[in-house]
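Here's the structure we're looking at; comments come further down.
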Amino acid sequence: SYVFLPLSHTLKVCQKTPGRIAESATKCLQVLLAYGWKDSIEVQLSHQLLILLTLFAGGGPPSITVSEELKFEALKALTLLTEDVRLSPKAAASLTDMAMIPAVGQCMSTILDCIKDGETPEIQLEALNALGSLWKCMRSQQQALSTFLPGTVSALTHCLMPTTQNSRTGKVLVLGLKTLSQVLTSVIGDIRVMNLKDDTSNLEKPLKNQPTLTKSWLQASGS
């Protein structure tokens, strides 16, 4: 807590104009995430850091320019953050709270953009790591993951189909395949869908913009 107090002020100042200071502060934050908080991170703090690191990874307004170096460090920190959140049941469950859904959606979208259009192979690899960690963190929330499934599969497919203008390294392709396998099995694997209902007549109304998990949904998702 004492270490993070001055660091938090630095990170707050960097939100409007992220630069070299933001990069160094993010590296310090990685140390705290890796060795300081682990399974004891506070829920509110995890929310604030998720939003901040999404901004540093390029998920802010177009007026905010983020360097390749900061984007890489922010993605690395996001991986560490979601690993800590996964080990804290309260923090993990809070990611699907209604108030957090927009922030999680923005984070997911930013990570996927880095996978598809990351400036360097290092950024693409770190984005794949961040996606895998976030997906594991939410693995018990099949309803939420089903919402992200189409866009995630689309981004990973884009990653796995390199072109002459957008080539991929072998490491990116291998990790992309592993991540795609993880995404598919965690949402539409046999164990996850074996008890789906045949119809929706007796089901509760789903949350806005979230599909009802039925056999019809599975057929549509499969195609």
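Pick from Q141, Q165, Q124: which residue has the top mean-square fluctuation in a GNM of the chain where Cα pairs under 10 Å get a spring? Evaluated over the chain, the most mobile residue of the options is Q165.
For the peptides 35-41, 173-179, what is the packing order when you average, over each peptide's residues, the other Cβ atoms within 10 Å and list the highest mean first? Kindly include the intermediate steps, with their values, before the conclusion.
On the way: 35-41: 14.6, 173-179: 17.0.
Packing proxy ranking, top to bottom: 173-179, 35-41.
Of the solvent-accessible surface of the chain, computed with a 1.4 Å probe and all protein chains present, 56% belongs to carbon and sulfur. Remark: relative contact order (the chain) = 16 percent; criterion is Cα-Cα distance under 8 angstrom and separation of 6 or more residues. Working note: Karplus 6.51/-1.76/1.60 with θ = phi - 60° gives the range 35-48 the couplings 10, x, 9, 6, 8, 10, 5, 6, 4, 4, 5, 4, 5, 4 Hz, where Gly and Pro are set to x.
First obtain the Kirkwood hydrodynamic radius of the chain from its Cα pairs, then insert it into the Stokes-Einstein equation at 10 °C and 1.306 mPa s, and state the resulting D in µm² per second as a whole number.
Numbers: Rh = 18.3 Å.
D = 87 µm²/s.
The H on the amide N of K197, modeled in the peptide plane, is under 5 Å from the matching H of K215, each at least 5 residues off or on a different chain.
Under a model in which nothing but the beta-carbon of Lys, Arg (+1) and Asp, Glu (-1) is charged, the chain shows a dipole of about 160 debye around its Cα centre. Extending 7 Å from Cα along the Cβ direction at I64 and again at Q15 yields two label points whose distance is 0.8 nm. The helix-based estimate of mean residue ellipticity at 222 nm for the chain, built from -39,500 (n - 2.57) per DSSP H run of four or more residues and divided by its residue count, is -20500 deg cm²/dmol to the nearest 500. Largest GNM mean-square fluctuation across F148, F72, F56, computed for the chain with C-alpha springs under 10 Å, falls on F148.
With every protein chain kept in place and ligands, DNA and RNA left out, what is the accessible area per residue of the chain? Probe 1.4 Å, answer in Å².
On the way: 12160 Å² over 223 residues.
Result: 55 Å² per residue.
K90 to M194: extension gain in nm, 0.36 nm per residue of separation minus the Cα-Cα distance? It would help to have the intermediate numbers written out before the result.
On the way: separation 104, 0.36 × 104 = 37.44 nm, distance 2.77 nm.
Roughly 34.7 nm would be gained on extension.
Here the Karplus relation 6.51 cos²θ - 1.76 cosθ + 1.60, evaluated at θ = phi - 60°, turns the backbone of the range 105-118 into coupling constants of x, 5, 4, 4, 4, 5, 4, 5, 5, 5, 5, 6, 10, x Hz, with x for every Gly and Pro.
The values are calculated or read from the model by the stated rules, or taken from the named source; none is laboratory data. It should be emphasised that the depicted structure is a prediction, and the values quoted were computed from it without experimental measurement. Neighbour counts are summed over all protein chains in view; Cβ atoms, including those assigned to glycine, are modelled from backbone coordinates with ideal geometry. Accessible surface areas use protein heavy atoms only, side chains included; no ligands, DNA or RNA. Shrake-Rupley method; radii C 1.70, N 1.55, O 1.52, S 1.80 Å.
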